[in-house]
Amino acid sequence: MSFDTSTLYLFATMVAGMLGAMLLMFGRQESIPALKWWGTAYLLGAGAVAIWTLGGSSLGVHIVLALNAVGFAACGLVWNAARIFHGRKPNLAGLVLGPIVWVATMTMVESPAMRMTIGAGIVAVYAALTATELFSERRRAMQKRWLAIAVPVLHGGALMLPILVGDLLRPHDVNFVSSFWVTLFSIELVLYAIGTVFVIFMMVSDRAVAVHKTAASIDPLSGMLNRRGFTEACTRVIEREANAGRPVTVMIFDIDHFKSINDRFGHPAGDEVLKLFSAVVVNNLRISDLSGRIGGEEFAALLPCSLEEGVLVAERVREAFECSNITCEEGAVDTTVSIGVAGGPAGTELEVLLASADTALYQAKRGGRNRVEAAEELPLSLENWRRKTAGLPATARQKPAPVRA
């Protein structure tokens, strides 16, 4: 079965052009820079191939060379779009390196087969770089990223395979290599254009879902986790620490006399105090610690450490907030906080820790506020967790050991 390669190329360029325009418009509408790069790459590549296909032999050598260079630059744009999408800066040197190598090849290499091999290799390298960029993205699970990686890898393989097969089967038949490569590449170009756009929108959709999920877990005023986000994150950390047999500590912060701050200085000043305290908490915790705003003026934190270490951290937060020295037109603002701290062995349930820390917080308030109180008794580990680690069903009941006479 024979294919008219000119028709295939024109069809491929029309598909790529329409997809490029769609990506460019969507990128401008949603203010996503990476989509603009992808759309520009598609339009440049489609335009270069269309002019080369329609012009044919009537085009001058320099025009063909320039069109090929534009095509390689489009491949570099696709790679840089992947970088930008993942928050990295564009690599402009790498973008122009491919066209420069091609121009040097056309100037120094006379063999058409070798030129074709080098050209396909340049595109294959850009495809490999794009796949590497997608592979290095750690915010997606591997099973969700495999398609985004497979598409550029298959594109690079489709470019190199016909040349390698031609070199092995008919090393002296340039026409066989050329016709085989051109026919397969024209078909693969259509599939690659459609597949890449599908992957792009899949990644954009996944990113949008992640953004909305994050927004639902963040307190907009303080920028910290809200109660829901804090609870979900703590559950994961507690399970991880339990698997390693390490204890955890929870602390609850309550800004002293916060209602009087709102009544005396107004709610804008109260909001500033909340933002200040959230910054104090974050600055005095480690990157592995969790913190969140779980109520109006109530905050909480979970630390993978012992109770003694947690008390030291709580005291550091208390001292830092007390030394904030906020002053408004109405006068100085008292910035003190009462803190309750509770710790437990591996696998202690979050609700148990929070309840124990809340009891300690109540004791701190009764003791005069602006102080740190630790829970007097360590809460017991979660019964279901103990049975899970022992390999027993959660509903099993332990029977008392028989008493020997």
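The values are calculated or read from the model by the stated rules, or taken from the named source; none is laboratory data. Predicted model only: the values in this text are computed from it and were never measured. Here the Cβ is made from the backbone with ideal geometry for all residues, glycine too, and neighbour counts use every protein chain on show.
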Inset, instruction - State all residues of the stretch 190-226 that are under 30 Å from Ala301 (Cβ atoms) and either at pLDDT 90 or above or touching a Leu at 6+ places or on another chain (Cβ under 8 Å) (or both); if no residue qualifies, say none. - result: Ser217, Ile218, Asp219, Leu221, Ser222, Met224, Leu225, Asn226
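Looking at the stretch 49-63, is at least one residue surrounded by 21 or more Cβ atoms within 10 Å (Cβ to Cβ), assigned by TED's automatic domain parsing to the domain that holds Val197 and under 18 Å from Val199 (Cβ atoms)?
No; the residues of the stretch 49-63 include none that is surrounded by 21 or more Cβ atoms within 10 Å (Cβ to Cβ), assigned by TED's automatic domain parsing to the domain that holds Val197 and under 18 Å from Val199 (Cβ atoms).
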Legend entry - So Pro112, is it surrounded by fewer than 17 Cβ atoms within 10 Å (Cβ to Cβ), touching a helix residue (DSSP H, G or I) at 6+ places or on another chain (Cβ under 7 Å) and either among the hydroxyl-bearing types (Ser, Thr, Tyr) or at negative phi (or both): yes
Legend entry - Enumeration of residues in the stretch 320-367 that are more than 17 Å from Ser291 (Cβ to Cβ) and among the acidic types (Asp, Glu): Glu322, Glu329, Glu330, Asp334, Glu349, Glu351
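Take Glu272 and decide whether it is over 34 Å from the mean Cα position of the chain (by Cα) and in the same structural domain as Ser260 (by TED's automatic domain parsing).
no
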Inset, instruction - Report yes if Met22 is hydrophobic (A, V, I, L, M, F, W, C) and in contact with a helix residue (DSSP H, G or I) (Cβ under 8 Å, 6 or more places away or on another chain), otherwise no. - result: yes
Legend entry - Complete set of residues in the stretch 326-346 that are without any contact (Cβ under 8 Å) to a residue 40 or more places away in the chain and outside any strand (DSSP E or B): Glu329
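Please state which one of Glu349, Glu376, Glu329 is among the acidic types (Asp, Glu), in the same structural domain as Gly292 (by TED's automatic domain parsing) and closer than 17 Å to Glu272 by Cα.
Glu329
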Inset, instruction - Select from the stretch 348-371 the residues that are among the β-branched types (Val, Ile, Thr) and in contact with a Pro (Cβ under 9 Å, 6 or more places away or on another chain) and write down the one among them that is surrounded by the most Cβ atoms within 10 Å (Cβ to Cβ). - result: Thr348
